[in-house]
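Asks: The structure under discussion is supplied below as structure tokens; questions concerning it will follow.
The values are calculated or read from the model by the stated rules, or taken from the named source; none is laboratory data. Nothing here was measured: the structure is a model prediction, and the numbers come from that model. Using ideal geometry, Cβ is built from the backbone for each residue, glycine included, and neighbour counts are taken over all protein chains shown. Each accessible area value is taken on the protein alone, full model and side chains, heavy atoms only, with ligands, DNA and RNA left out. Shrake-Rupley method; radii C 1.70, N 1.55, O 1.52, S 1.80 Å.
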Amino acid sequence: MHLLQPQTEVTISSLMSTISTFDSDISADQVQLSEWEKLSTEAEQVDWLILHFNHWFSHLNVNLVKGDFEPEYFPAGENTPARIQFAHGFFNSALHEISHWTIAGDKRRLLPDLGYWYAPDGRSQEQQALFEQVEIKPQAIEWLFAKAFGRKFRVSLDNLTGEGGNGAVFKDNVFAQLQAYFSGEATLPRDAQRFISCICHCTRAGKILQANEFQREMLD
């Protein structure tokens with residue numbers, strides 16, 4: 001999902017206060033169904049992610065699913081949960097789609113593809129500038145997810161056949177947004193906070209993310 005419209009954030013509290021404090025409701029659901037560090041392949045990690053995400057967010061009637069083609073979001077039906085479909089079974093695609101879902105508010109989660117339209121690869125310079133503007137927050141959040149898993153994060157301009165934009169400026173903006181989450185200048189969406197807390201519980205023995213784990217040069 002490569003959005004070309006701004007998204008409304010659900011903001012609850014700052015990154016540090018949420019990740020450092022487990023309330024009783026979240027703690028009850030932070031069950032490690034299998035040990036992350038024993039997984040050796042991406043396919044195993046993807047299966048782990050699906051199993052755990054669907055467990056952690058079962059109260060929101062949503063499932064994370066592998067897709068054979070492009071990512072897409074399907075709202076819940078009368079007898080079916082909502083589906084966050086990520087591309088081609090790629091772990092990083094799953095994290096990216098989850099980041100978009102966490103930013104979308106409850107109303108947009110009732111709409112196909114979260115109610116957003118997009119322009120495909122081959123965007124003009126103006127379209128690419130808008131793409132980059134609305135991708136800053138999702139990619140900053142995706143970086144937090146990736147770091148919690150101990151995985152490499154790479155920014156994506158996603159415009160191979162169009163006018164690619166200024167990658168250095170986009171990286172600067174993603175890094176600045178991430179630092180704003182740590183400083184409290186910006187607040188994370190509620191479900192991004194929950195997801196990070198749950199990941200850290202399973203992969204870092206509960207150790208919270210620290211601002212000094214993120215450096216601008218990591219994006220180059």
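Asks: Among the residues of region 82-115, how many are among the aliphatic types (A, V, I, L, M), in a helix (DSSP H, G or I) and open to solvent by less than 20 Å² (accessible area, probe 1.4 Å)?
Replies: 5
Asks: Would you say GLN210 is under 13 Å from PHE145 (Cα atoms), surrounded by 13 or more Cβ atoms within 10 Å (Cβ to Cβ) and out of contact with any Gly (no Cβ under 9 Å at 6 or more places or on another chain)?
Replies: No.
Asks: Just the residues that are within 15 Å of the chain's Cα centre (by Cα) and surrounded by fewer than 18 Cβ atoms within 10 Å (Cβ to Cβ), please, taken from region 66-81.
Replies: Across region 66-81, the qualifying residue is only GLU72.
Asks: Name the one entry in ASN54, ASN61 that is modelled with pLDDT of 95 or more and either hydrophobic (A, V, I, L, M, F, W, C) or open to solvent by less than 60 Å² (accessible area, probe 1.4 Å) (or both).
Replies: When all the criteria are applied, what remains is ASN54.
Asks: Here is a further query. Go through region 173-207 and give me each residue that's at negative phi, part of a loop (DSSP other than H, G, I, E, B) and open to solvent by less than 30 Å² (accessible area, probe 1.4 Å).
Replies: Step one: list which residues in region 173-207 are at negative phi, which gives 173-183, 185-204, 207.
Add one more test, that the residue is part of a loop (DSSP other than H, G, I, E, B), and what stays is 185-188, 204, 207.
Within region 173-207, ALA186, LEU188 qualify.
Asks: I've got another one for you. Picking from GLN128, GLN139, which residue would you name as being of a type outside the set (Asp, Glu), modelled with pLDDT under 90 and either out of contact with any Asp or Glu (no Cβ under 9 Å at 6 or more places or on another chain) or surrounded by 18 or more Cβ atoms within 10 Å (Cβ to Cβ) (or both)?
Replies: GLN128
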